[in-house]
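The values are calculated or read from the model by the stated rules, or taken from the named source; none is laboratory data. Nothing here was measured: the structure is a model prediction, and the numbers come from that model. Using ideal geometry, Cβ is built from the backbone for each residue, glycine included, and neighbour counts are taken over all protein chains shown.
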Amino acid sequence: MQVIEPSFSILSLQGNIDDKFVESIGRVCYKSEHNITKSSASKFIKMLTERNHLAMIEHGVITLSVPQKLYTFIKQKNPKFFQMNEYKGIKDKQYIITGNLRAWKEFYEEYKQVINIIQVLSKHSSVFTFTKSQPINKDIKIVNTNMLHNFLQVDHIFVTVKFISNRGFSHELVRHRIASFAQESTRYCNYNKDKFGSQLTLIKPYWWNTSSLFAKIIWSFVSKCSEWGYKFLSKTLPPQAARGILINDLTTEIVITASLKEWVTIFKLRAAKEAHPDMQKLMYPLQKILIDKFPFLKDY
Ligand SMILES: Cc1cc2nc3c(=O)[nH]c(=O)nc-3n(C[C@H](O)[C@H](O)[C@H](O)COP(=O)(O)OP(=O)(O)OC[C@H]3O[C@@H](n4cnc5c(N)ncnc54)[C@H](O)[C@@H]3O)c2cc1C
């Protein structure tokens, strides 16, 4: 059994649909990052889409500038998962739509007879296949969201963060609904295997340095029993059965992709004195980094 401190890392400060980016996040579920090779990304993404594990491709986000006619058509369909804005540009009116790969894929599949967005998306992601017989719309362009005005950035910039904390932390994080998640799975990961050091990795309790020796002994004893029981059960049962006796302080990796607007909601609730200390510990420094990068967030 080993005990580590919680941590976080920012994986992207702007939407990214690169296959390798999506693969690296999808592999968090299986903890199979060691299988990443130069050519593994498109195969992995194909596997995800064939198995309908589409939540993973939600981490790939792209903003497109589209002609007014296409914008109006999409708007009329009232899509749930696009951020859409029209605004006055330097010369003309601009129409921009931000969506993740899943949102674009599902919308495209429903309306492929009438919209021709596939070429631009297929250039950047193997989720989409472009065949030469399909019509091309040269007026569809990728938008660099860093160049947008602040009032647009808050809806159109998506930030991806990986947290390493305990299962209690992750249960709370996934309650934020306007976001996408990828989490290490206790169904697929067998902590009895070499790649996990044949042991449980736990997050150091926030109260460790301020509580009694007795509390620490109880925690260590129960954790050790959980590890012993898990190892015993997983000799004959799959991880999905053995996981029942894992303790809540088990380490988990969880990736979240959300718009700046949703991060504001998350910080209001989770970087607050009422939030759980494990939440506060990671959310305060993350909030500071995002406000340094996007100072206008202070006004929201
Ligand atoms: C200190 C604390 C204690 C908590 N205790 C408990 C508890 O005891 N039990 C418990 O079950 N949960 C608890 N929670 C979780 C809490 O109830 C929320 O589920 C969580 O904080 C997500 O917040 P949210 O729903 O405001 O925003 P999000 O899910 O992040 O959504 C963002 C915004 O989208 C909008 N939105 C999203 N979905 C809907 C919808 N369906 N309808 C209308 N508007 C929507 C709202 O404007 C919302 O602010 C606690 C949270 C905190 C911070």
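In the set (1) among the hydrophobic types (A, V, I, L, M, F, W, C); (2) within 16 Å of the ligand (Cβ to nearest atom); (3) in contact with a Pro (Cβ under 9 Å, 6 or more places away or on another chain), residue 215 fails one condition alone, (2). The set of residues in the range 249-288 being out of contact with any strand residue (DSSP E or B) (no Cβ under 8 Å at 6 or more places or on another chain) and of a type in the set (Val, Ile, Thr) consists of 264, 265.
The single residue among 46, 31 that is closer than 30 Å to residue 220 by Cα and touching a residue at least 24 places away in the same chain (Cβ under 8 Å) turns out to be 31. Taken over the range 134-189, the residue count meeting the criterion of being within 16 Å of the ligand (Cβ to nearest atom) and either in contact with a Gly (Cβ under 7 Å, 6 or more places away or on another chain) or of a type in the set (Asp, Glu) (or both) is 3. The helices (runs of 4 or more DSSP H) found wholly in the range 74-177 and carrying at least 1 residues that are loosely packed, with under 15 Cβ neighbours inside 10 Å occupy 101-111, 150-156, 167-173.
Taking the options 269, 297, name whichever one is within 30 Å of residue 146 (Cα to Cα) and either within 15 Å of the ligand (Cβ to nearest atom) or free of Cβ contacts under 8 Å to residues at least 40 places away in the same chain (or both). Let's see the steps before the verdict.
Values: 297 fails: either within 15 Å of the ligand (Cβ to nearest atom) or free of Cβ contacts under 8 Å to residues at least 40 places away in the same chain (or both).
Just a single option satisfies the conditions, and that option is 269.
Select from the range 244-265 the residues that are assigned to a helix (DSSP H, G or I), in contact (Cβ under 8 Å) with a residue 24 or more places away in the chain and in contact with a helix residue (DSSP H, G or I) (Cβ under 7 Å, 6 or more places away or on another chain) and list them in ascending order. Hits for the range 244-265 are 260, 261, 263, 264.
Restricting attention to the range 28-65, the residues that are closer than 21 Å to residue 8 by Cα and of a type outside the set (A, V, I, L, M, F, W, C) total 8.
Residue 257: on the phi < 0 side of the Ramachandran plot and within 10 Å of the ligand (Cβ to nearest atom), yes or no?
It is false that residue 257 is on the phi < 0 side of the Ramachandran plot and within 10 Å of the ligand (Cβ to nearest atom).
Within the range 265-300, the set of residues being surrounded by fewer than 20 Cβ atoms within 10 Å (Cβ to Cβ) and among the β-branched types (Val, Ile, Thr) comprises 265, 289, 291. Considering only the range 212-224, I want to know if a residue exists there that is out of contact with any helix residue (DSSP H, G or I) (no Cβ under 6 Å at 6 or more places or on another chain), in a loop (DSSP other than H, G, I, E, B) and modelled with pLDDT of 95 or more. Yes, the range 212-224 contains a residue that is out of contact with any helix residue (DSSP H, G or I) (no Cβ under 6 Å at 6 or more places or on another chain), in a loop (DSSP other than H, G, I, E, B) and modelled with pLDDT of 95 or more. Among the residues of the range 93-128, those identified as farther than 16 Å from residue 64 by Cα and at pLDDT below 85 are 112, 113, 114.
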